[in-house]
Amino acid sequence: QDSVRLLAVEGCAALGKLLEPQDCVAHILPVIVNFSQDKSWRVRYMVANQLYELCEAVGPEPTRMDLVPAYVRLLRDNEAEVRIAAAGKVTKFCRILNPELAIQHILPCVKELSSDSSQHVRSALASVIMGMAPLLGKDATIEQLLPIFLSLLKDEFPDVRLNIISKLDQVNQVIGIDLLSQSLLPAIVELAEDRHWRVRLAIIEYIPLLASQLGVGFFDDKLGALCMQWLQDKVYSIRDAAANNLKRLAEEFGPEWAMQHITPQ
């Protein structure tokens, strides 16, 4: 019965934490690797949710040899529910690996998942992928993650765009302000007029943080007009957030800026 095997997966993950690493490798690891290829997608789904916990229990070498290949299989599983579970754990899994392993084995799967046929897989990935930037470092983020972020920011499914926007601050710290303004800013400006109001709202909530990093001159040049434009939005929540946004910007840039740029309008 797959319901029995489901419970066994949970038991293995819990038991693995209590055992010495060598005992975990000898007794639990082979069972979990076997379960990762189970004929029932529900069992594989459970493994996808629990696998990163076992990595902590067995240590780096068994993780590299056995658990990374198992996780890669789950990221490429033919069942969307399994891919959703695996995608949602990608940052937690990468946190355990050294960056080279993550770049070599996990990033290619992440790239595939960013154009997955299931919008729910893409959404699960978008909700966690930004957390990979601090783990992989500046070079890998710029060369490999940034193109994935930009493609997800243009996804046809609004929840995917929303999930990326809500975590943009994690990337700012890694790539630096120059690259942020060159690569992400055009996408942000485009999303400021997104047809889905929740996406516009997420952008507004991100603006004060962006403003503090860009500085007043760059902000006035690129984003100032947008902030006033939102006050005319047809959705009340947007107008309300836009007014609150101006208050936060005035606190950031000071009263003289507010008198010069906000009060006349």
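Restricting to the range 190-227, what's the tally of residues that are out of contact with any Gly (no Cβ under 9 Å at 6 or more places or on another chain), part of a helix (DSSP H, G or I) and either surrounded by 14 or more Cβ atoms within 10 Å (Cβ to Cβ) or in contact (Cβ under 8 Å) with a residue 40 or more places away in the chain (or both)? Before you say what the answer is, go through the steps one by one.
Step one: list which residues in the range 190-227 are out of contact with any Gly (no Cβ under 9 Å at 6 or more places or on another chain), which gives 190-215, 217-227.
With the extra rule that they be part of a helix (DSSP H, G or I), the set shrinks to 190-191, 197-214, 217-222, 224-227.
Right, trim to either surrounded by 14 or more Cβ atoms within 10 Å (Cβ to Cβ) or in contact (Cβ under 8 Å) with a residue 40 or more places away in the chain (or both) and you get 191, 197-214, 218-220, 222, 224, 226-227.
The number of residues fulfilling the criteria is 26.
Would it be correct to say that residue 169 is closer than 19 Å to residue 202 by Cβ, surrounded by fewer than 16 Cβ atoms within 10 Å (Cβ to Cβ) and acidic (Asp, Glu)?
Details: closer than 19 Å to residue 202 by Cβ: yes; surrounded by fewer than 16 Cβ atoms within 10 Å (Cβ to Cβ): yes; acidic (Asp, Glu): yes.
Yes, satisfied.
Among 69, 99, which is in contact with a helix residue (DSSP H, G or I) (Cβ under 6 Å, 6 or more places away or on another chain) and either of a type outside the set (Phe, Trp, Tyr) or touching a residue at least 60 places away in the same chain (Cβ under 8 Å) (or both)?
Among 69, 99, only 99 is in contact with a helix residue (DSSP H, G or I) (Cβ under 6 Å, 6 or more places away or on another chain) and either of a type outside the set (Phe, Trp, Tyr) or touching a residue at least 60 places away in the same chain (Cβ under 8 Å) (or both).
Taking the residues in the range 210-239 that are at pLDDT 90 or above and of a type in the set (Phe, Trp, Tyr) as candidates, determine which candidate is farthest from residue 254 (Cα to Cα).
236
When only residues in the range 61-105 that are among the basic types (Lys, Arg) and within 23 Å of residue 163 (Cβ to Cβ) count, which is surrounded by the most Cβ atoms within 10 Å (Cβ to Cβ)?
Filtering first and then ranking leaves 83.
Scan the range 182-216 for residues that are among the aromatic types (Phe, Trp, Tyr) and under 18 Å from the mean Cα position of the chain (by Cα) and jot them down.
Correct list: 206 only.
Could you grab the pairs with beta carbons closer than 6 Å, sequence gap of 6+ or different chains, first residue in the range 20-31 and closer than 15 Å to residue 50 by Cα, second one hydrophobic (A, V, I, L, M, F, W, C) and surrounded by 15 or more Cβ atoms within 10 Å (Cβ to Cβ)?
Hits for this filter: 24/57; 24/58; 28/12; 29/58; 31/12.
Kindly indicate whether any position in the range 164-178 is over 19 Å from residue 129 (Cβ atoms) and hydrophobic (A, V, I, L, M, F, W, C).
Within the range 164-178 (the criterion being over 19 Å from residue 129 (Cβ atoms) and hydrophobic (A, V, I, L, M, F, W, C)), the answer is yes, since at least one residue qualifies.
Restrict the check to the range 166-178 and report whether at least one residue is among the basic types (Lys, Arg), free of Cβ contacts under 8 Å to residues at least 60 places away in the same chain and part of a helix (DSSP H, G or I).
Scanning the range 166-178, I find no residue that is among the basic types (Lys, Arg), free of Cβ contacts under 8 Å to residues at least 60 places away in the same chain and part of a helix (DSSP H, G or I), so the answer is no.
Select from the range 14-48 the residues that are buried (at least 20 other Cβ atoms within 10 Å of the Cβ), small (Gly, Ala, Ser) and assigned to a helix (DSSP H, G or I) and list them in ascending order.
Matches in the range 14-48: 16, 48.
Can you find a residue in the range 121-144 that is in a helix (DSSP H, G or I), farther than 30 Å from residue 181 by Cβ and of a type outside the set (Lys, Arg)?
Yes, the range 121-144 has at least one match.
Could you tell me whether residue 247 is surrounded by fewer than 21 Cβ atoms within 10 Å (Cβ to Cβ), in a helix (DSSP H, G or I) and more than 20 Å from the chain's Cα centre (by Cα)? Step through it out loud before you land on a result.
Details: surrounded by fewer than 21 Cβ atoms within 10 Å (Cβ to Cβ): yes; in a helix (DSSP H, G or I): yes; more than 20 Å from the chain's Cα centre (by Cα): yes.
Yes.
For the subset of the range 128-180 comprising residues that are among the small types (Gly, Ala, Ser) and touching a helix residue (DSSP H, G or I) at 6+ places or on another chain (Cβ under 7 Å), which member is farthest from residue 106 (Cα to Cα)?
Looking at residues that are among the small types (Gly, Ala, Ser) and touching a helix residue (DSSP H, G or I) at 6+ places or on another chain (Cβ under 7 Å), I get 166.
Condition first: in contact with a Phe, Trp or Tyr (Cβ under 8 Å, 6 or more places away or on another chain), farther than 17 Å from residue 102 by Cα and of a type outside the set (S, T, N, Q). Now tell me which residues in the range 114-143 satisfy that.
Start the filter on the range 114-143 by keeping residues that are in contact with a Phe, Trp or Tyr (Cβ under 8 Å, 6 or more places away or on another chain), which leaves 119, 122-123, 129-130.
Remaining after also requiring farther than 17 Å from residue 102 by Cα: 119, 122-123.
The one that is in contact with a Phe, Trp or Tyr (Cβ under 8 Å, 6 or more places away or on another chain), farther than 17 Å from residue 102 by Cα and of a type outside the set (S, T, N, Q): 122.
Only residues in the range 240-265 that are within 14 Å of residue 210 (Cβ to Cβ) count as the first member; pair them with residues that are buried (at least 17 other Cβ atoms within 10 Å of the Cβ) and modelled with pLDDT of 90 or more, Cβ under 9 angstrom, at least 6 apart or cross-chain, and list the lot.
Matching pairs, first to second residue: 245/204; 245/230.
Take the residues in the range 1-13 that are touching a residue at least 40 places away in the same chain (Cβ under 8 Å) and either aliphatic (A, V, I, L, M) or part of a loop (DSSP other than H, G, I, E, B) (or both); name whichever of them is surrounded by the most Cβ atoms within 10 Å (Cβ to Cβ).
Here the answer is 9.
Please work out if residue 156 is in a helix (DSSP H, G or I) and surrounded by fewer than 17 Cβ atoms within 10 Å (Cβ to Cβ).
no
The values are calculated or read from the model by the stated rules, or taken from the named source; none is laboratory data. Please read these numbers as outputs of a predicted model, since none were measured by experiment. Cβ coordinates were reconstructed from backbone atoms using ideal geometry, including for glycine residues, and neighbour counts include every protein chain displayed.
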